[in-house]
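Here's the structure, in structure tokens; my notes come after.
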Amino acid sequence: MIEHSTELKSKRYVKNGESEIKIGRDLLAVGLYKDDERSGRWRFFNGPDSLEQIYNYTTKKLEYNHTAKNIVYEIDSTKEGDKIIYPAKIGGYHTSLRFLIKKFSPSKEFRAYAGVHTVLLIFHIDEHGKLIKYQAETGEGELKRTEEISLSKFRPEDFDFVPAYLNGKPVASRLIFQSKLTVD
């Protein structure tokens, strides 16, 4: 990914003004910086002319989010009739979440077990929208393994999510990315 942004004349390398993030010719994000911080409404895309998310950094509000089909959510203590707003990774899948997913690598132990294995990447998010734990569950039954992925090498923006809301109040939740591991 390459970011093209304007910077202050008075201070080199301090982003200020318009910015766009591209991969090749494809536009991934557009927004503004003010004194090296993202400001105002940022739009994130998942392909040409395909809006994935709008996040307002000034108001700290998610204005639009199109979730990926292989993501599920867990919120404790919900009951029928509750009003739920699910958590989201700021920046959407293509510019943020996929980089966190890539921090997982399956255990070499699975090389001995040919077949297709379930993989669940579980992001534990607190009521403030911060990532507090990242787990991976691989396999099922007797082969099921759970491991914790270290957060020590994550960048500060990797921890930023929008929290889940239950009946208007922010709550802790889990965002779960479902995938498969194929072993030949």
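The values are calculated or read from the model by the stated rules, or taken from the named source; none is laboratory data. Keep in mind that this is a model prediction, so the values were computed, not measured. Neighbour counts are summed over all protein chains in view; Cβ atoms, including those assigned to glycine, are modelled from backbone coordinates with ideal geometry. These area figures cover heavy atoms from the full protein model, side chains too; ligands, DNA and RNA do not enter into them. Shrake-Rupley method; radii C 1.70, N 1.55, O 1.52, S 1.80 Å.
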Item to check | Positive-end residue, the chain charge dipole about Cα centroid, Cβ charges, pick of Ser19, Gly81, Tyr113 | outcome: Ser19
Item to check | Size of electric dipole in segment 24-72: Cβ of Lys, Arg +1 and of Asp, Glu -1, about Cα centre, debye, nearest 20 | outcome: 140
Next on the checklist: So I have (i) 18.1; (ii) 17.2; (iii) 19.5, and one of them is Kirkwood radius over Cα pairs in Å calculated from this model. Which one is it?
Outcome noted: (i)
Checklist entry - In whole angstrom, how far apart do the alpha carbon centroids of segment 1-39 and segment 115-181 sit? => result 29
Next on the checklist: Suppose all protein chains stay in the model; what accessible area per residue would a 1.4 Å probe give for segment 120-176, in Å²?
Outcome noted: 53
Item to check | Cα-centred dipole magnitude for the chain, charges only on beta-carbon of K, R (+1) and D, E (-1), debye, nearest 20 | outcome: 440
Checklist entry - Once Lys and Arg get +1 and Asp and Glu get -1 on their Cβ, which of Phe177, Gly91, Gly40 lies farthest toward the positive end of the dipole of the chain? => result Gly40
Item to check | Exposed-loop-free span, longest in the chain, where chymotrypsin sites (Phe, Trp or Tyr not before Pro) count as exposed if DSSP calls them loop and at most 15 other C-beta atoms lie within 10 Å | outcome: 14-112
Item to check | Net dipole in debye of segment 57-120 [+1 Lys, Arg Cβ; -1 Asp, Glu Cβ; about Cα centre; nearest 20] | outcome: 380
Checklist entry - Can you give the longest stretch of the chain with no exposed loop site, where a site means GluC sites (Glu not before Pro) in a DSSP loop (not H, G, I, E or B) with at most 12 other C-beta atoms within 10 Å? => result 1-79
Next on the checklist: Per residue, how much accessible surface does segment 1-91 expose to a 1.4 Å probe? Answer in Å², no decimals.
Outcome noted: 70
Checklist entry - Among Ile21, Ile54, Ile90, which one moves the most in a GNM of the chain with springs linking Cα atoms closer than 10 Å? => result Ile21
Checklist outcome for this item: Here, trypsin sites (Lys or Arg not before Pro) of segment 1-101 satisfying both criteria (DSSP loop; at most 16 other Cβ within 10 Å) are Lys9, Lys11, Arg12, Arg25, Lys60, Lys69, Lys79, Lys83
Checklist entry - Ile23 versus Ile132, label points 7 Å from Cα toward the beta carbon: distance in nm? => result 3.1
Checklist outcome for this item: In the neighbourhood of Ile75 defined by beta carbon distances under 10 Å, the net charge of the other residues (Lys, Arg +1; Asp, Glu -1) is -2
Checklist entry - Is it possible to state the helix-based mean residue ellipticity at 222 nm for the chain, with each DSSP H run of 4+ residues giving -39500 (n - 2.57), the sum divided by total residues, to the nearest 500 deg cm²/dmol? What is it? => result -500 deg cm²/dmol
Checklist outcome for this item: Taking protein heavy atoms only, a 1.4 Å probe, and rounding to whole percent, the accessible area of the chain owed to carbon and sulfur comes out at 49
